[in-house]
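A.B. asks: This is the structure I want to talk about, given as structure tokens.
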Amino acid sequence: MSRHVVLVGAGDLGADAISVHEALAAVRRPAADPPHRLAGYLDDSPALQGCSVHGFPVLGPVAWLESRAGDFAALIAVGDPTARAALRRRVQGFGATLATWVHPDAVRTSSVSFGDGCLIMDSTSFTVDVEVGRNVVVNPGATVAHHARIGDDAVICPGVHLAGRVVVGPRVFLGTGSVVAPGCTIGADAVVGAGAVAVADVAEGARVAGVPAKPL
Ligand SMILES: CC(C)(COP(=O)(O)OP(=O)(O)OC[C@H]1O[C@@H](n2cnc3c(N)ncnc32)[C@H](O)[C@@H]1OP(=O)(O)O)[C@@H](O)C(=O)NCCC(=O)NCCS
């Protein structure tokens, strides 16, 4: 677990991820903890090649990792769930492992689990018996209550609140400040708009917004 990390995606979420990197570096985690030493970014955008983002170089396109998968762990830093899933599969296809970064200020009990590849940001909280899948982003200020389940590749935006026993399917996008009421299931690939309050189940692939949330 001593590999350096490459952030896959040098856009807004890639920049935000630096806040977690700096916080982890500041607390000098022991060697047994997940790797958090950052080598730089990978991004397929031609405009970003040779650039640096918050002091870290864009090392090359995602394919850069293919011949170096044994030396670096990947952390996907892209905010679209479908793109996250595709990038996860791509880097895993190279044989790369996924790094998980949990901000030291995230509050969680011992019964909370994070899958490989999660990016958990500051001021988040997870109470008890919470399962977070692989490659999930939980942005600052989000709260997740008891017995919640969050599927692979989901994106939880800032200030989201998930009540108890909520199930969030894979590749779901929960917009900034949205709320999911107790026991509701958000189906795979659904989008919940910023500020929405989901008071009932949301169907797979649905796009909902408003209070109470209704299909767009
Ligand atoms: C829900 C969302 C995904 C819809 O995006 P879209 O498909 O591009 O929708 P549009 O912007 O074309 O808007 C379509 C209609 O829905 C309305 N609408 C869009 N988002 C809404 C929201 N969050 N709440 C209420 N109404 C909303 C628009 O006003 C528009 O209404 P109109 O047809 O009467 O003019 C988007 O608006 C949203 O809320 N995204 C969250 C972004 C976010 O939180 N990002 C955080 C990054 S860290």
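A.B. asks: Would you please classify the overall shape of segment 79-216 from the alpha carbon gyration tensor, given that a ≥ b ≥ c denote the square roots of the eigenvalues, rounded means a/c under 1.5, and beyond that prolate means a/b larger than b/c while oblate covers the rest?
C.D. replies: Note, shape of segment 79-216 comes out oblate.
A.B. asks: Could you tell me whether segment 111-152 comes out rounded, prolate or oblate from its Cα gyration tensor? Rule is a ≥ b ≥ c as square roots of the eigenvalues, rounded for a/c under 1.5, then prolate if a/b exceeds b/c, otherwise oblate.
C.D. replies: Oblate, since a/c reaches 1.5 and b/c is not below a/b.
A.B. asks: Another question, if that's okay. Which length gain, in nm to one decimal place, applies between Val128 and Ala25 when the Cα-Cα distance is subtracted from 0.36 nm times their residue separation?
C.D. replies: 34.4 nm
A.B. asks: OK, next. For a Förster distance of 30 Å, can you work out the FRET efficiency between the beta-carbons of Ala15 and Ala200, rounded to the nearest 0.05?
C.D. replies: 0.25
A.B. asks: Next question. Using Cβ contacts closer than 10 Å as the measure, can you line up Asp80, Asp71, Asp16 from fewest to most? Please report the intermediate quantities before stating the final value.
C.D. replies: Details: Asp80 15, Asp71 12, Asp16 18.
Sorted ascending by nearby Cβ count, the order is Asp71, Asp80, Asp16.
A.B. asks: Can you give the percent of C-alpha pairs in segment 4-99 whose distance is more than 24 Å?
C.D. replies: On the way: 679 of 4560 pairs.
So the pairs more than 24 Å apart make up 15 percent of the total in segment 4-99.
A.B. asks: Compute the FRET efficiency between His4 and Ser110 as 1/(1 + (r/R0)^6), taking r as their Cβ-Cβ distance and R0 = 25 Å, and round to the nearest 0.05.
C.D. replies: Numbers: r = 29 Å, r/R0 = 1.14.
About 0.30, to the nearest 0.05.
A.B. asks: Under the rule a/c < 1.5 gives rounded, and otherwise a/b versus b/c splits prolate from oblate, where does segment 171-216 land using the Cα gyration tensor?
C.D. replies: Verdict is rounded for segment 171-216.
A.B. asks: Could you list Ile120, Ile76 in order of exposure, starting from the residue whose Cβ has the fewest other Cβ atoms within 10 Å?
C.D. replies: Ascending Cβ contact count within 10 Å gives the list Ile120, Ile76.
A.B. asks: In addition: In nm, to one decimal, how far is the Arg207 label point from the Glu66 one, both placed 7 Å along Cα→Cβ?
C.D. replies: 3.4 nm
A.B. asks: Would you mind checking the radius of gyration and Dmax of segment 81-148 based on alpha-carbon positions, in Å?
C.D. replies: 12.5, 36
A.B. asks: Exposure proxy check: Cys118, Cys51, Cys184 ranked by fewest other beta carbons within 10 Å? Write down the numbers at each step before the final one.
C.D. replies: Numbers: Cys118 25, Cys51 13, Cys184 19.
By the 10 Å Cβ count, ascending: Cys51, Cys184, Cys118.
Just so you know, all these numbers are worked out from the coordinates, no wet-lab data involved. Everything numeric here is computed off the predicted structure, so don't read it as measured data. Ideal geometry is used to build each Cβ from the backbone, glycine not excepted, and the neighbour counts take in all protein chains shown.
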